[in-house]
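Let me begin by presenting the structure, written as structure tokens, before commenting on it.
The values are calculated or read from the model by the stated rules, or taken from the named source; none is laboratory data. Model, not experiment: these values are computed from the prediction. Note: ideal-geometry Cβ built from the backbone for every residue, glycine included; neighbour counts use all protein chains shown. These area figures cover heavy atoms from the full protein model, side chains too; ligands, DNA and RNA do not enter into them. Shrake-Rupley method; radii C 1.70, N 1.55, O 1.52, S 1.80 Å.
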Amino acid sequence: LGRVEDMRGEATAEAGGTRRALAPAMPVFDGDLVATGEEARVRLRLAEAIEVLLGGGVRLRIDRFLARRGGTLVLERGAALVDRAARGGAPPPDLTVRGPFGLIAVRGTRFFAGPSNGAFGVFVERGAVLLVGGDQGVEVLPGFGADVAQPGAAPTAPVRWGQARIAAALASVT
């Protein structure tokens, strides 16, 4: 399904009650719960067309994921930068990101999702996402971000994020 492209610090993958330490070039599989140490940074490649950068203290489950069809990632805790891009002329696989704050439906996109300014923030660099929480959804377009204050709350209307907020969000995963 995928592999660890690069990493700093410690990270593990757990499935079926078995935990293994991760290192560059190691595979990750459908069903794995990837966890990073508090100061870690990990770059995963999934289905060749999806890059996921994880910050410290992340718990990310690779859930129901098929290489050519895509699937679902569950961001249980922490911050991630997801880059879903077409490669070699083929459209990228479908991707949904779920978490305690809501659901993110992804279309040809590079976006950040995670703690930002005291809320769960989603910022879109390229493409578009549909951020759904509290039975309401907002479309977030490039250069804009939206927040979800707490699990079960509706997302805010998208606004342009300032450079300082964007830089802080990206620094948390790179």
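Go over the candidates Glu10, Glu76 one by one and state the one that is among the acidic types (Asp, Glu), closer than 19 Å to Thr174 by Cβ and modelled with pLDDT of 95 or more. Give the derivation first.
Numbers: Glu76 fails: closer than 19 Å to Thr174 by Cβ.
Just a single option satisfies the conditions, and that option is Glu10.
Among the residues of the stretch 133-152, how many are of a type in the set (Gly, Ala, Ser) and free of Cβ contacts under 8 Å to residues at least 24 places away in the same chain? So that I can check it myself, show each step before the final result.
Filtering the stretch 133-152 for residues of a type in the set (Gly, Ala, Ser) gives 133-134, 137, 143, 145-146, 149, 152.
Pick out the ones that are also free of Cβ contacts under 8 Å to residues at least 24 places away in the same chain and you get 137, 143, 152.
Within the stretch 133-152, residues that are of a type in the set (Gly, Ala, Ser) and free of Cβ contacts under 8 Å to residues at least 24 places away in the same chain number 3.
Taking the criterion of being more than 15 Å from Gly78 (Cα to Cα) and polar (S, T, N, Q), the only residue of the stretch 13-40 that qualifies is Thr18. Among the residues of the stretch 141-169, the ones that are within 19 Å of Gly99 (Cβ to Cβ), out of contact with any Ser or Thr (no Cβ under 9 Å at 6 or more places or on another chain) and open to solvent by less than 70 Å² (accessible area, probe 1.4 Å) come to 6 in all.
Out of everything in the stretch 84-96 that is surrounded by fewer than 23 Cβ atoms within 10 Å (Cβ to Cβ) and under 26 Å from Gly152 (Cα atoms), what residue ends up being modelled with the highest pLDDT? Give the derivation first.
The first filter runs over the stretch 84-96 and keeps only residues surrounded by fewer than 23 Cβ atoms within 10 Å (Cβ to Cβ), leaving 85-94, 96.
Right, trim to under 26 Å from Gly152 (Cα atoms) and you get 94, 96.
On the way: Asp94: 77, Thr96: 91.
Of everything passing the filter in the stretch 84-96, Thr96 is modelled with the highest pLDDT.
Among the residues here, Arg64 does not qualify as open to solvent by less than 20 Å² (accessible area, probe 1.4 Å) and modelled with pLDDT under 90.
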